[in-house]
Amino acid sequence: MKKIILSGGGTGGHIYPAVAVAEALKRRFGDDVDLLFVGAEGKMEMEKVPALGYRIEGLPIAGLQRRLDWHNLLVPFKVLRSIRMARRVIRDFGADAVVGFGGYASAPVLWAAQRMGVPTVIQEQNSYAGVTNKILAKRAKRICTAYEGMERFFPADRITLTGNPLRGRFSKEGADRAEALNYYGLTAELPTVLVVGGSLGTRSLNEMMKQWILDMGGTAPVQVIWQTGKYYEREMQAFLAAHPAPHVWQGAFIDRMDYAYAAADVVVSRSGAGTVSELCLVAKPVVFVPSPNVAEDHQTKNARALEAKGAAEVVADAECRTQAMPRALELLKNPERLAAMSRSLESLAKPRAAEDIVNEIVKVMK
């Protein structure tokens with residue numbers, strides 16, 4: 001029986017890659033693998049992971065607040081307590097390997113494992129390595145990356161370019177386009193723009209859509225799938241009630257992303273690691289609007305990495321309200337550019353990322 005701990009959390013960008021690898025481990029080994037997740041008490045992984053059928057242990061670890069905050073004084077004590085608890089979890093579980101997916105939630109368990117002689121693997125989702133992974137990489141057996149050129153951050157002889165592991169099945173062939181358009185109540189007569197800002201929503205992209213609807217006055221030459229996020233759903237529904245927009249589908253969530261991608265000709269999106277990887281797999285031309293509110297400006301670096309390869313265009317968050325949709329519409333007028341972007345995206349896709357990471361875990365296990 002192989003016993004593997006997976007750790008990472010705080011955001012879906014750390015949790016869902018870990019779950020994707022867990023699913024790949026289950027596919028590979030079936031009942032011959034025992035999995036345990038470790039996360040941070042009170043964070044979203046403590047709810048999301050059990051809901052998917054996996055066990056999880058919570059540690060009292062907390063991250064530093066960027067602003068002056070008295071809670072920062074408690075962080076060193078929480079770190080020490082978390083490391084002690086992590087050592088007990090590793091020992092009691094009998095871990096053969098520990099895999100970290102970034103975020104401060106993964107730090108205590110990987111730190112403890114490395115000092116207990118348990119081999120560790122790190123998966124870095126972004127083109128600019130996070131602080132936690134940079135620190136822990138010094139003793140990690142393998143570092144699985146999604147971008148080339150990560151020797152800037154990690155020991156070159158331990159890097160494997162795997163891509164980001166994704167849940168679900170995304171591919172260039174994808175779902176049937178006619179089915180997808182019908183699902184969203186759209187027509188095959190107009191090109192489609194997909195605007196997606198994540199499950200919570202993105203104020204900038206929602207304001208962009210409001211401005212565009214006001215400017216177009218219901219005469220838009222395209223149709224739009226507009227994912228507003230749960231925080232903004234009521235506000236945007238009220239806006240559409242006051243300013244009806246033909247050929248605009250609006251929803252807080254997109255349950256069928258395979259249909260959304262199949263229907264889309266161009267995507268306007270944030271550039272989180274998971275989204276970038278999905279877009280490479282489905283090879284959909286994209287205008288990225290990176291969030292300026294993430295650690296170490298990861299999203300801008302992710303977007304610029306694709307822009308440098310001709311696979312994406314980038315509009316700054318501060319300018320997206322007036323520039324992002326016009327940029328998407330310009331792309332729709334240029335079939336050659338769209339085709340070139342699609343080819344570039346496809347060349348960057350890593351459809352077997354989760355399986356390749358499993359290969360690296362197996363190599364280092366005790």
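For the stretch 226-242, the tally of residues that are more than 20 Å from the chain's Cα centre (by Cα) and surrounded by 13 or more Cβ atoms within 10 Å (Cβ to Cβ) stands at 7. On the given criteria, is residue 305 touching a residue at least 12 places away in the same chain (Cβ under 8 Å), part of a helix (DSSP H, G or I), open to solvent by less than 20 Å² (accessible area, probe 1.4 Å) and among the small types (Gly, Ala, Ser)? In short, no. On the stretch given as the stretch 256-294, residues that are within 16 Å of the chain's Cα centre (by Cα), among the hydrophobic types (A, V, I, L, M, F, W, C) and farther than 20 Å from residue 340 by Cβ total 4. For residue 95, the conditions (1) at pLDDT 95 or above; (2) open to solvent by less than 40 Å² (accessible area, probe 1.4 Å); (3) assigned to a helix (DSSP H, G or I) are fulfilled apart from (3). State yes or no: is residue 59 at pLDDT below 95 and touching a helix residue (DSSP H, G or I) at 6+ places or on another chain (Cβ under 7 Å)? It is true that residue 59 is at pLDDT below 95 and touching a helix residue (DSSP H, G or I) at 6+ places or on another chain (Cβ under 7 Å). For the stretch 202-219, which positions are within 23 Å of residue 314 (Cβ to Cβ) and either assigned to a loop (DSSP other than H, G, I, E, B) or in contact with a strand residue (DSSP E or B) (Cβ under 7 Å, 6 or more places away or on another chain) (or both)? The answer is 202, 205, 209. If you filter the stretch 172-186 down to residues that are closer than 14 Å to residue 256 by Cα and in a loop (DSSP other than H, G, I, E, B), you find that the one that is nearest to the chain's Cα centre (by Cα) is 174.
Among the conditions (1) more than 16 Å from the chain's Cα centre (by Cα); (2) surrounded by fewer than 22 Cβ atoms within 10 Å (Cβ to Cβ), the only one that residue 311 does not satisfy is (2).
Filtering the stretch 278-302 to residues that are open to solvent by 20 Å² or more (accessible area, probe 1.4 Å) and either polar (S, T, N, Q) or without any contact (Cβ under 8 Å) to a residue 60 or more places away in the chain (or both) leaves 292, 293, 294, 299, 300.
Scanning the stretch 1-55 for residues that are part of a helix (DSSP H, G or I), open to solvent by less than 20 Å² (accessible area, probe 1.4 Å) and either touching a His at 6+ places or on another chain (Cβ under 9 Å) or at positive phi (or both) yields a total of 1.
Looking only at the stretch 128-147, filter to residues that are assigned to a loop (DSSP other than H, G, I, E, B) and open to solvent by less than 10 Å² (accessible area, probe 1.4 Å); which one of those is nearest to residue 12 (Cα to Cα)? Going through the qualifying residues, I end up with 129.
In the stretch 320-348, the residues that are within 26 Å of residue 204 (Cα to Cα) reach residues that are among the polar types (S, T, N, Q) with C-beta atoms within less than 6 angstrom, at least six apart or across chains, in these pairs: 320/204; 321/211. Scanning the stretch 248-263 for residues that are open to solvent by less than 20 Å² (accessible area, probe 1.4 Å), over 17 Å from residue 321 (Cα atoms) and free of Cβ contacts under 8 Å to residues at least 60 places away in the same chain turns up at least one hit. A Cβ distance below 7 Å, combined with a sequence gap of six or more or placement on separate chains, defines the contacts here; from the stretch 162-188, residues that are closer than 29 Å to residue 19 by Cα and among the β-branched types (Val, Ile, Thr) reach residues that are at pLDDT 95 or above and in a helix (DSSP H, G or I) in the pairs 162/353; 162/356; 162/357.
When every residue of the stretch 218-239 is checked against the conditions, at least one turns out to be free of Cβ contacts under 8 Å to residues at least 12 places away in the same chain and more than 22 Å from residue 270 (Cα to Cα).
Here the stretch 98-126 is the region considered, the condition is being of a type in the set (Ser, Thr, Tyr) and open to solvent by less than 10 Å² (accessible area, probe 1.4 Å), and the residue that is modelled with the lowest pLDDT is 106.
The values are calculated or read from the model by the stated rules, or taken from the named source; none is laboratory data. Here the structure is a predicted model, which means the values were calculated and not measured. Here the Cβ is made from the backbone with ideal geometry for all residues, glycine too, and neighbour counts use every protein chain on show. Note: accessible area is taken over every heavy atom of the protein model, side chains too, but ligands, DNA and RNA are not part of it. Shrake-Rupley method; radii C 1.70, N 1.55, O 1.52, S 1.80 Å.
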